[in-house]
Amino acid sequence: MEKKQVRPASAHKKSAFQAYWSKRGSKLGYASGWSRGYHLGRSQAIVKKLAASAGLQSIRDLHVLFVVEAYEGGQFHDPINQGIIKGLQAQVRKVSVASPVDNVAKQAKALQPDLVMVLNGIFHLQIEQVNEIRMSGIKTCVWITEDPYFIDITLLKAPHYDYVFTHELGALPYYQKAGCQQVHYLPLAVNDAMFRPRQVSPKYNRDICFIGTAFWNRVRFFDAISPYLSKKKTFISGLLWNRMSHYKKLGSKVSLERCMSPEQTSAYYNASSIVINLHRSHEDSQHNHNRNGIRALSINPRTFDICACGALQLTDSRDDLTTFYTPGQEIVTYSSPEELVSKCEYYLKHEDERREIALRGLQRTMSEHTYTKRLSRLLSIIFG
């Protein structure tokens, strides 16, 4: 008679163990997928509703020649450049685009636009060209988006433009003292074509995310919270993070990629439970050109980008933050590493609260803080 094979007790235990965790994994995966799907559905509904309720933009009979910002290697700063181009196209009859390394004065004379608008104009566009454009009777304006970090340079260049716009409240009196006749505060905004709620691959899913260069104030801050971040599903990306004292402790959670694409950045914002924002310091002699130590009062463009993806943002505070968002309702603030860790832990465990704050931040961003809104104000100041 054939003997019945008996499986070892250890095999039974192993099989039961695998079945339990397989079932639990499926349950957790389903719950996580449902939660993200629900959040995405509500986010996209907000954006669609706002788009449907937006009236047709009146078109001004204007031709604007826009000079983009270019960095080393000729790479354009796409989110802001493209956001401005899209915002202008929605409001003026014609938009022409030039690079600061081109002969912009020659192009302006040939095209005869109503306005030559320059983004930053710090590194490449020569002042001689700006002077030549003005002498030909064409209006000029510059929108400076790097204040106060490069203000030693921009204070020398700004007086050569008819209109000066800066995103930094603290810089206004310095441009006025430098002789600029028309100086205006114009905050940055979101490029809502690049940063918006969208379905992304699960490979981007993180508990906590931060994307940006490791300026020294950020290095010190993240060193302080690295024991906490090392235990979470964390993603940090940007230049110079390897100079952290605890860089090895975070290991594969850190990417030293020089410049992540807007598409990838948006994907991480969309898929992360919490996105941290930490502004760079105005006191950084290694990276800044700000010898007067002008204090930074205004929020960075990342503030708008994160909220526009429907993510919960934890940010350090700036003086003008409450002009754009209501802390505790549309965005969450912190003032120390300890407070950040405490709030991260709280909101990771309270998904409903996290979601509702993020959705209110999305609503506020898409209704009030787009480049179309900002450029409408710029054009009204110049042309009435």
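Tabulated data for the structure shown
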quantity	calculated
The range 89-175: Cα Rg divided by the 2.2 N^0.38 Å rule of thumb	1.08
Stokes-Einstein D for the range 210-367, Kirkwood Rh over Cα pairs, 25 °C, 0.890 mPa s (µm²/s)	152 µm²/s
Under 15 Å, Cβ to Cβ, from L378 - net charge with Lys/Arg +1 and Asp/Glu -1	+4
Accessible area (Å², per residue) of the range 303-384, counting only protein heavy atoms and a probe of 1.4 Å	38 Å²
The chain - Kirkwood radius from inverse mean 1/r over Cα pairs (Å)	23.0 Å
Calculated SAXS-style log₁₀ I(q)/I(0) at q = 0.20 Å⁻¹ - the range 67-212, Debye, Cα scatterers	-1.32
Residue-level accessible surface for I357, protein heavy atoms, 1.4 Å, Å²	10 Å²
Of all accessible heavy-atom area on the range 240-384, the percent that carbon and sulfur account for (1.4 Å)	44 percent
Assigned charges on the beta-carbon of Lys, Arg, Asp, Glu; the range 188-304 dipole about Cα centre (debye)	320 debye
Largest-first principal axis extents, alpha carbons of the range 183-279, Å	41, 40, 21
DSSP-defined antiparallel bridges as percent of all bridges, the chain, nearest 5	0 percent
Placed amide H near N288: partners under 5 Å, 5+ positions off or other chain	none
Relative contact order [Cα under 8 Å, 6+ residues apart], the range 225-303, whole percent	21 percent
Cα gyration tensor, the range 129-236 - rounded (a/c under 1.5), prolate or oblate	prolate
Charge dipole of the chain about the Cα centre (unit charges at C-beta), most positive-ward option of L312, N300, G251	G251
Residues with amide H under 5 Å from that of H279, placed H, sequence gap 5 or more	D316
From phi via Karplus (6.51, -1.76, 1.60), per-residue ³J(HN,Hα) for the range 321-329 in Hz, x at Gly/Pro	4, 6, 5, 10, 9, 9, x, x, 10
Filter on K139/K373; K139/K177; K86/K349; K248/K343; K48/K203; K86/K233 - keep pairs with C-alpha separation over 31 Å	K86/K349; K86/K233
MRE, 222 nm, helices only [DSSP H, n ≥ 4, -39500 (n - 2.57), over the chain, to nearest 500]	-14000 deg cm²/dmol
Solvent-accessible area per residue, Å², over the range 81-198 with all protein chains present [probe radius 1.4 Å]	39 Å²
Radius 15 Å from Cβ of P113, net charge of other residues (Lys, Arg +1; Asp, Glu -1)	+2
Net charge dipole size for the chain [Lys, Arg +1 and Asp, Glu -1 on Cβ; Debye, nearest 20]	2160 debye
Around A90: net Lys/Arg minus Asp/Glu count, Cβ-Cβ under 12 Å	+4
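The values are calculated or read from the model by the stated rules, or taken from the named source; none is laboratory data. Computed from a predicted model, the values in this text were never measured in an experiment. Reconstructed Cβ throughout: ideal geometry from the backbone, glycine too, with neighbour counts over all protein chains shown. Just the protein is used for accessible areas: all its heavy atoms, side chains included, with ligands, DNA and RNA removed. Shrake-Rupley method; radii C 1.70, N 1.55, O 1.52, S 1.80 Å.
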